[in-house]
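Beneath this line is the structure, given in structure tokens, with notes to follow.
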Amino acid sequence: MNNKYQDALEKMFYYNMMPNDITEEELKECDKLLQELVNIYPKYLKLKARATPKRPEMIVMKGFNDQLENHLGCKICKKQIINVYSNKNCRPKFCYHCGQALDWEDI
């Protein structure tokens, strides 16, 4: 089963082979759908990157007493990964600040 974008691509391909079998209105609708797909693609890439787990990294930031301390942080937003349970085994699946998926393997 094709989605609307695949259907539009197939119609455009078919139009190149048999131009008299597709109306001008159908052609404009296909063009509109394909332009929509082009506009959506950068958003898709950003979402795909955010959904791909990345390993936390050590970041230096001020602690509770304003002294510099090492904390595990998100590679993307560079903010501390919040440990809501104050538990060393707490490993959230996503950064609470930016939504980046986190990879805790080998940490």
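Every number here is computed from the coordinates shown, using simple stated rules; none is lab data. Keep in mind the model is a prediction, meaning the values are calculated, not measured. Because the Cβ atoms are built from the backbone with ideal geometry, glycine has one as well, and the counts that use them run over all protein chains shown.
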Those cysteines in the chain that have no second cysteine Cβ within a distance under 4.7 Å are Cys30, Cys90
For Lys75, the residues 5 or more places away or on another chain with a placed amide H closer than 5 Å to its own amide H are Glu57
For Asn83, the residues 5 or more places away or on another chain with a placed amide H closer than 5 Å to its own amide H are none
Quick note, the range 4-51: a/c under 1.5 would make it rounded; otherwise a/b > b/c is prolate and the rest oblate (a ≥ b ≥ c, C-alpha gyration tensor); here it is prolate
Relative to the chain, whose Cα atoms define the longest principal axis, helix 4-17 and its Cα axis are tilted in degrees, nearest 10, by 40
Checked against a 32 Å limit on the C-alpha separation, the offending pairs among Lys48/Lys79; Lys48/Lys88; Lys28/Lys48; Lys43/Lys88 are Lys43/Lys88
Among Ile59, Tyr96, Leu72, the residue whose Cα sits farthest towards the positive end of the charge dipole of the range 52-107, when +1 is placed on the Cβ of each Lys and Arg and -1 on the Cβ of each Asp and Glu, is Tyr96
Gyration tensor (Cα only) of the chain to equivalent ellipsoid, semi-axes in Å sorted down, yields 51, 13, 9
With a ≥ b ≥ c from the Cα gyration tensor eigenvalues, square-rooted, and the rule rounded for a/c under 1.5, otherwise prolate when a/b > b/c and oblate otherwise, the range 66-107 is oblate
Nearest 10, in degrees from 0 to 90: the angle of helix 24-51 to the longest Cα principal axis of the chain is 10
Ranked output for segments 10-17, 36-43 by mean other Cβ atoms within 10 Å, highest leading, reads 10-17, 36-43
Once both label points are put 7 Å beyond Cα along the C-beta direction, the Glu10-Lys93 separation in nm becomes 3.5
